[in-house]
Amino acid sequence: PMILHIFMWESRPLSTILTPPSHDNRGRGFFRTKKIDLQGLSLMPLRGNCTMNAWIILVLAGLCEVGWPLGFKLASTTGYRLPFFLLSAASMALSGWLLFMAQKSIPMGTAYAVWTSIGAVGTFAVGIMLFNDMLSVGRIVGICLIVCGVVVLKLSGTH
C-alpha cells in the first residue's frame, strides 16, 4: 500500500520542549513521523451514497466555471492580458478538479449538466451586470430553459 510519512509536532509540556532531546524520548527530538495509509483515501468523503458535500462541491465547480470566461473577457478588454489569462487557466483547472470530485457521487450526466448550467447562468448574469450585455426576453427564456432542464434531470435521477 502507498504510505505517506508526515511530520507532526509532538505534544509535550513546554518544559520538555525547551530542554534538549534525551534518551527518554528515544532521540525523536521535537518532531515525530506518522505513517498514513493512502490506499483508497480521497480528499473528501464522496464515495457511496450521494452526499450533500458532493452537491456543494458541484456548485463550487459551477461558480469556478464562471471565472474563466470572465478572465478571458477581462484579458481581451484591459491592458492586463497575462494576469487575467492566468486567472482563466486557474479557474478552468479548479473547476475541472471540483467536477471530478463531485462525480464520485453524482451521476456524470447530471453533474455535467448542473456544472455547465451554473457556468452559463452565472456568465450570463456577470455579462449583464458588469459588461452591459443585452437583456432581452429571448435571452431570459433561454436561461430559464437551461435551469428547467437541469431541474428535470435532478428530479428524475436516483439521487
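Brief remarks follow.
- Scanning region 66-76 for residues that are in contact (Cβ under 8 Å) with a residue 12 or more places away in the chain and out of contact with any Gly (no Cβ under 7 Å at 6 or more places or on another chain) turns up GLY67, TRP68, PRO69, LEU70, GLY71, PHE72, LYS73, LEU74, ALA75.
- Region 76-118: number of residues that are buried (at least 16 other Cβ atoms within 10 Å of the Cβ), among the aliphatic types (A, V, I, L, M) and closer than 19 Å to MET52 by Cα: 9
- Residue check: GLY138 meets all listed conditions (1) in contact with an Asp or Glu (Cβ under 9 Å, 6 or more places away or on another chain); (2) open to solvent by 40 Å² or more (accessible area, probe 1.4 Å); (3) among the small types (Gly, Ala, Ser) but one, namely (1).
- Hits in region 54-75 - residues which are among the charged types (D, E, K, R) and surrounded by 20 or more Cβ atoms within 10 Å (Cβ to Cβ): GLU65
- Residue within region 56-66 that is β-branched (Val, Ile, Thr) and under 20 Å from MET129 (Cα atoms) present: yes
- Every test in (1) open to solvent by less than 70 Å² (accessible area, probe 1.4 Å); (2) under 25 Å from the mean Cα position of the chain (by Cα) is passed by ASP133 save one, and that test is (2).
The values are calculated or read from the model by the stated rules, or taken from the named source; none is laboratory data. Note that this is a predicted model, so its numbers are computed, not measured. Every residue, glycine among them, receives a Cβ derived from its backbone with ideal geometry; neighbour counts consider all protein chains shown. The accessibility values were calculated without ligands, DNA or RNA, using every heavy atom of the protein model including side chains. Shrake-Rupley method; radii C 1.70, N 1.55, O 1.52, S 1.80 Å.
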